[in-house]
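Each remark here refers to the structure printed beneath this line.
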Amino acid sequence: MGSSNFVYVTYIKTTADKLWMALTTPQFMEQYWLGARAEADWKVGGAWKLVFSDGRIADSGQITEFEPHKRLAIRWRNEWSPEMHDEGWTNCVMEIEAAESDTVKLTISHSMERENSKFIGAVGQGWPMILSNLKSLLETGAVIMPRKY
């Protein structure tokens with residue numbers, strides 16, 4: 001059986017503490033996540049869901065790793081598209097590493113054990129927009145992509 005993988009790396013002029021806050025605070029997320037926000041019990045085994053601004057559940061899952069300011073992993077499944085939902089569970093890992101000066105490296109790895117996954121193809125479109133907004137918001141105080149959800 002094959003797999004599908006998406007990896008995105010960006011460098012952000014911020015601190016690991018501020019980036020971690022941005023990744024785990026629903027009100028802050030809503031600013032850069034195109035209007036969606038995560039609701040979670042922020043601990044290993046905790047429930048996680050991504051909610052559109054109208055209250056619909058976009059994605060759901062469970063936190064599988066939680067190392068503040070360093071690593072967050074989520075077992076993740078799409079909930080709004082029957083076709084992508086039926087593909088099953090993905091694994092999303094967010095890693096924060098110190099870089100030079102006041103900069104941190106953020107690596108997002110999103111994968112699933114299914115070849116040619118439509119869901120991984122979709123996150124390959126969405127993550128670059130979301131992470132561009134995140135970087136811009138942390139560095140300048142404003143996002144560059146409009147609200148979508």
Under 8 Å for C-alpha pairs, at least 6 residues apart: give me the relative contact order for the chain, rounded to a whole percent. 31
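Based on the alpha-carbon set only, what is the convex hull volume of the stretch 1-87 divided per residue, in Å³? Mind dumping the intermediate values first?
On the way: hull volume 10.6 nm³, N = 87.
Here the figure is 122 Å³ per residue.
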List the relative contact order of the stretch 26-67 as a percent without decimals, with contacts defined as Cα pairs under 8 Å and 6+ residues apart. 31
Output for the stretch 91-131: GluC sites (Glu not before Pro) sitting in coil per DSSP, at most 16 other Cβ within 10 Å, listed by number, reads Glu100, Glu113, Glu115
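In which sequence would Asp59, Asp86, Asp54 go, from the one with the fewest C-beta neighbours within 10 Å to the one with the most? List each step's numbers first, then the result.
On the way: Asp59 23, Asp86 11, Asp54 7.
By the 10 Å Cβ count, ascending: Asp54, Asp86, Asp59.
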Charge tally for neighbours of Ser81 with beta carbon under 14 Å away, counting Lys, Arg as +1 and Asp, Glu as -1, is -2
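On a 19 Å Cα-Cα criterion, which of the cross-link pairs Lys18/Lys135; Lys49/Lys70; Lys70/Lys148; Lys49/Lys105; Lys18/Lys105 come out too long?
Values: Lys18/Lys135 11 Å; Lys49/Lys70 21 Å; Lys70/Lys148 29 Å; Lys49/Lys105 25 Å; Lys18/Lys105 13 Å.
Exceeds cut-off: Lys49/Lys70; Lys70/Lys148; Lys49/Lys105.
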Set the Förster distance to 25 Å, then compute FRET efficiency between Lys118 and Trp42 from the Cβ-Cβ distance, nearest 0.05. 0.30
How fast does the chain diffuse by Stokes-Einstein, in µm²/s, taking the Kirkwood radius from C-alpha pairs at 10 °C and 1.306 mPa s? 102
Output the Cα-based Rg and Dmax of the stretch 88-149 in Å, rounding Rg to one decimal and Dmax to a whole number. 14.0, 40
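Read-outs throughout are calculated quantities, based only on the coordinates presented, and are distinct from any laboratory measurement. Quantities reported herein were computed from a predicted structural model and do not represent experimental measurements. We place every Cβ from the backbone using ideal geometry, glycine too, and count neighbours over all the protein chains shown.
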